[in-house]
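J.: Here it is, the structure, as structure tokens.
Since every read-out is calculated from the coordinates, none of them should be taken as a lab result. Just so it is clear, the model here is predicted, and its values are computed rather than measured. Here the Cβ positions follow ideal geometry from the backbone for every residue, glycine too, while neighbour counts run over all protein chains shown.
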2 protein chains.
Amino acid sequence: MRDRSIFAGLSLDDLRALGMEVQDIRVPAASTLYLEGDRARYAYTLRQGAVKLVKTLPNGRAQIVRLLRHGDLFGFEGLREARHRHSAITLTQTDLCQLDLPALEALSQRLPSVHGAITQRWFSALQEAENRIVELGAKKAEERLATFLCQWCSAYPQGGAVPFPLTRQELGEFLGLSTEHVSRLMAEFKRQGLLSERKGTLDIPDSRRLLQHACTSGACA
Amino acid sequence: MRDRSIFAGLSLDDLRALGMEVQDIRVPAASTLYLEGDRARYAYTLRQGAVKLVKTLPNGRAQIVRLLRHGDLFGFEGLREARHRHSAITLTQTDLCQLDLPALEALSQRLPSVHGAITQRWFSALQEAENRIVELGAKKAEERLATFLCQWCSAYPQGGAVPFPLTRQELGEFLGLSTEHVSRLMAEFKRQGLLSERKGTLDIPDSRRLLQHACTSGACA
DNA sequence: CGTCCAATTGAAACAAGTCAATCTATGTGG
DNA sequence: CCACATAGATTGACTTGTTTCAATTGGACG
């Protein structure tokens, strides 16, 4: 797993020798790792579990900006800004690698490979964010949900029932919909046999069929 | 202007000496600089005018992903990917600086300051994209429009009437709304004396008052 | 003066949100 | 083992927000 991390090629010992504090931690579900506006001390790589990054409007409405899973990084905005731009909250029990930001900064300046890996992640995050802008701006509720569910499951190549730790409310906060509306859409998908759920897992028997609801009126990607 | 560009500190002659092709071009309004999926040859810096970056869904719906003005860069995804991720279309007559991507790539590897400047722009773009996700996901039409108009005008510090080259349709494609709905909201804002328009310019006499429509039910940023 | 395109307006259809009640699973303490 | 409490999910009825379609207006320009 450290292969596909930003430290590809470096062992834990290498990192320690370079002055990099690396702390492996396990936290329970619903833990707050940091809050929007907190002074940024650590960045994280996610080894196991799921995390949501949330922004909250002054009036209290919350928007999940990104969902993170195995292999994802977060908190790296602390390299450029003093404070975190969003809150990070675990959705499940989660294994993390906690990286001291000042040390990471120093390391990134010394090792081009590390710097490049971080830059690449920013680039990918930008790409993903732009795709989400399209989802939110140009698609209807049913299409957003169908697209999202298929994408979520496609991260588990083996198929079959996959872990699905999101509540209806969290789905709503991610997709820009009300809890109730999400619930209704999920029920409708189930009624049509497009998916089934069982306590924390989701099964999409035929994702091509579900994808037909992802971009109505016209053929789809 | 070259100060705040990615080539801060380098003169045009410096650039040419380093093998960097720099082409200053002027194009009319509604010019397509490149299309989504085109092989990426050039990146651009925008000296004067306005450009929209658009993504189109298979069914034809379009979403403006980003709006660019003086000093903004675009097309730089060509450094990481072979093809452009969106279409770039001018909204006005526009002065651009066209950069040959392979040469830029080489230059960026040689000069850390250039590389760092590009990285910084990606980081800012990510930040902006995440803010837009919140706008689209958590706000209602009126709030989105009010927020956007204020932000647009705040880029012109002098106040008063500012250039505003967007059609109602483009506003809709940016904010995820129908043309007609944008039109109605604009009319309503005008009726309330919150703004006025005159052939390509926009005037917001009191942006604080307009911002009260930007995040209803609760105090706002 | 007629043409064209954008903007506006109205009426009706539709999508999505809100509020309230119910249901279900899960866990708790008696 | 059984009430009971709790939190999330579901459902229904209703309201509000937004789109759609169609018609009209208005301005810019040849």
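Residue-wise test of (1) in a strand (DSSP E or B); (2) under 22 Å from B:Trp152 (Cα atoms); (3) of a type in the set (Lys, Arg).
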residue	(1), (2), (3)
B:Tyr44	yes, yes, no
B:Val54	yes, yes, no
B:Arg66	yes, yes, yes
B:Gly71	no, yes, no
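J.: Within segment A:137-189, how many residues are within 9 Å of DNA strand D (Cβ to nearest atom), within 14 Å of another protein chain (Cβ to nearest Cβ) and in contact (Cβ under 8 Å) with a residue 60 or more places away in the chain?
T.: 2
J.: From the list B:Arg132, B:Arg85, pick out the single residue that is closer than 26 Å to B:Arg26 by Cα, among the basic types (Lys, Arg) and crowded, with 16+ Cβ neighbours inside 10 Å.
T.: B:Arg85
J.: So which residues in segment B:117-131 are more than 7 Å from every other protein chain (Cβ to nearest Cβ) and touching a residue at least 40 places away in the same chain (Cβ under 8 Å), if there are any at all?
T.: B:Ala117, B:Ile118, B:Arg121, B:Glu128
J.: Go through segment B:183-194 and report how many residues are more than 11 Å from DNA strand C (Cβ to nearest atom) and among the hydrophobic types (A, V, I, L, M, F, W, C).
T.: Selection size over segment B:183-194: 1.
J.: Just one of the numbered conditions (1) farther than 21 Å from A:Ala29 by Cβ; (2) touching a residue at least 60 places away in the same chain (Cβ under 8 Å); (3) crowded, with 20+ Cβ neighbours inside 10 Å; (4) within 13 Å of DNA strand D (Cβ to nearest atom) is not true of A:Leu195; which one?
T.: In the conditions (1) farther than 21 Å from A:Ala29 by Cβ; (2) touching a residue at least 60 places away in the same chain (Cβ under 8 Å); (3) crowded, with 20+ Cβ neighbours inside 10 Å; (4) within 13 Å of DNA strand D (Cβ to nearest atom), A:Leu195 misses (2) alone.
J.: Then there's this: Confirm whether B:Leu104 is more than 12 Å from chain A (Cβ to nearest Cβ) and over 18 Å from the mean Cα position of the chain (by Cα).
T.: Considered against the rule, which asks whether it is more than 12 Å from chain A (Cβ to nearest Cβ) and over 18 Å from the mean Cα position of the chain (by Cα), B:Leu104 comes out as yes.
J.: Being in contact with a strand residue (DSSP E or B) (Cβ under 7 Å, 6 or more places away or on another chain) and acidic (Asp, Glu) narrows it down to one residue among A:Glu77, A:Glu105, A:Glu36, A:Glu81; which is it?
T.: From the options A:Glu77, A:Glu105, A:Glu36, A:Glu81, the qualifying one is A:Glu36.
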